[in-house]
Amino acid sequence: MIHSARLARSVHSCKLVAMPRQSPSSPSNPAAACAALVALAALALSTGAGGLTTLASAGDAPSGAGATGISVVAPQNGAFFAVTRVGVAVDAPASVTRVVIARGSAREALARRVDPRSFFCGSIDLEPGPNLLRVLAYEGEEVSSQRAIWVYCEPDRIQAAKTPEGFQALAFHRAENEGRCAPCHAFTYEAGAAQAPPPMPPSKPGAERLRGRAADAIPGPCRTCHAGVLEGAFVHGPAGLGFCRACHPDGTSPRFATPEPVARLCYGCHEHLREGMSRDPYQHGPTAAGRCTLCHSPHASPHLFQTRKHIFDLCTTCHAEKADGRHVIYAFSDPRATHPMRGRKELLRKDRELVCSGCHNPHYSTSQKLWRYPAARRDQLCQYCHRK
């Protein structure tokens with residue numbers, strides 16, 4: 001039995017965005033039901049898409065005296081991104097001395113790459129939802145031309161989620177794009193073979209599999225453009241070692257695409273999770289749907305286990321009814337008190353902060369409420385920590 005009913009209630013109770021209250025269909029396939037619910041949760045994390053067709057279609061109109069002289073190679077107008085930092089490439093005449101890309105008050109100067117007709121390259125952070133990007137080309141201190149581009153960002157979009165109207169996912173790694181950038185960039189894993197190989201990871205689940213996959217142990221040239229995905233204190237092993245090929249094989253369409261659902265890829269190293277999913281009768285909705293990256297960043301994160309947010313904030317994104325921190329008990333004598341949900345150490349795993357995953361397994365369990373430890377009743381679960 002898959003733990004999907006709670007996910008449905010959590011999605012409907014989400015306060016992040018106004019959505020019509022609908023009863024999700026109940027397909028006979030439980031995994032399909034969970035996939036549909038997870039898709040609904042992903043949509044709830046983004047802003048509404050109403051009116052975005054107009055924004056995207058009108059965004060690319062050039063302005064300024066020399067607007068026809070610059071060409072924005074990337075990002076393309078109307079593009080949809082599942083990452084928050086995207087690369088920017090602008091083709092400009094030799095008379096352009098610098099190019100800046102702006103999103104609201106955020107401004108990033110692009111670096112000149114090629115003469116005499118210049119390519120300016122860099123990157124900029126996006127906010128979830130629609131983003132208006134302005135590309136400003138300067139000759140000296142004067143803006144000689146500019147372009148406006150609308151793009152849409154929904155971090156970790158899952159396949160079942162609907163792309164906002166007026167936007168589409170545009171894979172960069174197409175022959176025409178790679179051809180324009182080839183004077184400076186290599187687009188094969190073999191191009192990284194000359195680099196010094198990184199040290200192998202310490203002994204831990206999955207490390208031996210990486211050691212044994214020599215074809216994947218090639219640093220590759222990816223970090224030239226994608227270094228931003230590694231920003232965070234906790235880095236996924238293959239990404240940190242530069243083994244991009246382990247998860248992004250060449251020869252796919254689009255090129256370097258990961259499979260859907262992504263769990264098929266994750267289980268290649270995290271076999272213990274696949275075993276637990278097969279063994280235990282109750283499963284967390286995103287896990288059952290194979291959407292590991294809904295909760296985990298596949299590259300890096302500021303948070304333990306590469307979660308996309310602090311665990312309490314991540315869980316209450318869907319389980320919004322728990323966001324006030326009042327959970328489990330309201331105390332027998334003091335109605336203001338409740339069980340702590342963050343900010344304290346666990347009593348059993350003393351190196352961990354006490355958060356939702358201290359009592360609940362975020363993947364699978366023998367309990368319908370996904371309790372971490374075997375228990376038939378709630379008081380039995382409490383006794384693991386409270387032995388009085």
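The values are calculated or read from the model by the stated rules, or taken from the named source; none is laboratory data. Keep in mind the model is a prediction, meaning the values are calculated, not measured. Note that each Cβ is placed from the backbone with ideal geometry, even for glycine, and that neighbours are counted across all protein chains shown.
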Where the second residue is aliphatic (A, V, I, L, M) and not in a strand (DSSP E or B) and the first is outside the structural domain of P75 (by TED's automatic domain parsing) and surrounded by 11 or more Cβ atoms within 10 Å (Cβ to Cβ) and lies in region 166-179, which pairs have Cβ atoms under 6 Å and are six or more apart or on separate chains? G166/L52; G166/A56; F167/A56
Hey, among the residues in region 126-172 that are of a type in the set (V, I, T) and in a loop (DSSP other than H, G, I, E, B), which one's modelled with the highest pLDDT? T163
Consider R245 against the criteria (1) basic (K, R); (2) at pLDDT below 90; (3) surrounded by fewer than 19 Cβ atoms within 10 Å (Cβ to Cβ): it satisfies all of them except one. Which criterion is unmet? (3)
Going through region 365-384 in order, the residues found to be out of contact with any His (no Cβ under 7 Å at 6 or more places or on another chain) and either among the β-branched types (V, I, T) or within 17 Å of C295 (Cβ to Cβ) (or both) are S365, T366
Among the candidates A217, A227, A175, which residue alone is of a type in the set (A, V, I, L, M, F, W, C) and at pLDDT 80 or above? A175
Within region 312-326, of all residues that are over 23 Å from C292 (Cβ atoms) and at pLDDT 80 or above, the one surrounded by the most Cβ atoms within 10 Å (Cβ to Cβ) is A323
Selection within region 81-120 - among the aromatic types (F, W, Y) and touching a Lys or Arg at 6+ places or on another chain (Cβ under 6 Å): F119, F120
Residue that is surrounded by the most Cβ atoms within 10 Å (Cβ to Cβ), among those in region 97-148 that are of a type in the set (D, E) and farther than 25 Å from E178 by Cα: E139
Take R264 and decide whether it is charged (D, E, K, R) and closer than 17 Å to C295 by Cα. yes
Can you tell me how many residues within region 355-371 are closer than 18 Å to L314 by Cα and part of a loop (DSSP other than H, G, I, E, B)? 7
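I need the full set of residues from region 285-324 which are assigned to a strand (DSSP E or B) and touching a Leu at 6+ places or on another chain (Cβ under 6 Å), in order please.
A300, T307
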Report, by residue number, each residue of region 122-147 that is without any contact (Cβ under 8 Å) to a residue 60 or more places away in the chain and under 30 Å from the mean Cα position of the chain (by Cα). G122, I124, D125, L126, E127, N131, L133, R134, L136
